[in-house]
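Let me begin by presenting the structure, written as structure tokens, before commenting on it.
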């Protein structure tokens, strides 16, 4: 048994264990210190003697990322999420860890990396990088390529949820009253009625609305950059949303009067897909005319969720309606629900308890 010194330009830059057992040589990962390589050597010897040895992969993190993006991610992520993963890895993770063997990367190194990134990036971005690296390592563990996941020892930052700007029910009605004069009206109506994302609204087709069972199926989204329908943001984004009789009748009437006729629910004047920037411009003008505060299109989705929670709708229903993976996500994002709702809750409990 021996510890190999790895040199570059005559200088020792790393250490690696070499264990010989039954005529075979087992090489450890590159380590920064001889002490770490000694520990590797002892662990390898123990595992070989007990029959628990797993010859860990020598793949770099870049190799692991490529495997993940080729074999796993396309089945789990939508187009936008895939593009985001490419960007996070190329611009942030790869320059620091891409060339390193996955087995050699330690929890403390990743923790220091994230702490440094907190100085320049939002917590939400760092959380996405954590998730990406974690998924790559979990994939390698599942394939028995590695023994441990260093992300298990890393604390990710807390989400920096900002208070959402939303409308009251009265502001919604004021906005929609003016919006009826605009061709993009149905985009706003759908977002407020069902909490759909912008890409889900634009990608909605009439075949996705089942009038017999009063159900709206969110199965695809329109990706403007590629000019095509594609995958949703996440697996949980694929959902069935019940619609009321009143909503169904309104949609039927709109379909009958739609000009020009199109299989796209929110169609442009040529029957194709609307452009996001045109919808945004119309929304700004409508807000001014309706004299309601300016919010983004995505905040129509937040408004829908907030109004449902103010109705005392169960958070699990809101979660499923929005397509969130976990109810905790819904609760964290909408912890801002108007103070009067909390006050009303306090009054109801007090009255009940003291009755």
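The values are calculated or read from the model by the stated rules, or taken from the named source; none is laboratory data. These figures come from a predicted structure and were not determined experimentally. Cβ atoms come from the backbone with ideal geometry, glycine included; neighbour counts cover every protein chain shown.
Data table
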| quantity | calculated |
| --- | --- |
| Residue 141, sole failed condition from (1) without any contact (Cβ under 8 Å) to a residue 40 or more places away in the chain; (2) assigned to a helix (DSSP H, G or I); (3) farther than 30 Å from residue 43 by Cα | (3) |
| Residue list for segment 149-164, restricted to those being part of a loop (DSSP other than H, G, I, E, B), exposed (fewer than 13 other Cβ atoms within 10 Å of the Cβ) and at pLDDT 75 or above | 155, 158 |
| Among residues of segment 209-227, those that are over 22 Å from the mean Cα position of the chain (by Cα) and touching a residue at least 24 places away in the same chain (Cβ under 8 Å), counted | 5 |
| Test: residue in segment 285-294 that is in contact (Cβ under 8 Å) with a residue 12 or more places away in the chain, in contact with a helix residue (DSSP H, G or I) (Cβ under 9 Å, 6 or more places away or on another chain) and farther than 14 Å from residue 179 by Cα | yes |
| Any hit, segment 54-61, residues being free of Cβ contacts under 8 Å to residues at least 60 places away in the same chain, closer than 19 Å to residue 3 by Cα and in a loop (DSSP other than H, G, I, E, B) | yes |
| Filter pass, residue 318 being surrounded by 19 or more Cβ atoms within 10 Å (Cβ to Cβ) and over 22 Å from residue 230 (Cα atoms) | yes |
| Selection count where residues are surrounded by 15 or more Cβ atoms within 10 Å (Cβ to Cβ) and at positive phi, scope segment 215-243 | 0 |
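The rows are residues; the columns are (1) outside the structural domain of residue 34 (by TED's automatic domain parsing); (2) part of a helix (DSSP H, G or I); (3) surrounded by 15 or more Cβ atoms within 10 Å (Cβ to Cβ).
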{"site": "81", "(1), (2), (3)": "yes, yes, yes"}
{"site": "90", "(1), (2), (3)": "yes, yes, no"}
{"site": "99", "(1), (2), (3)": "yes, no, no"}
{"site": "103", "(1), (2), (3)": "yes, yes, yes"}
{"site": "111", "(1), (2), (3)": "yes, yes, yes"}
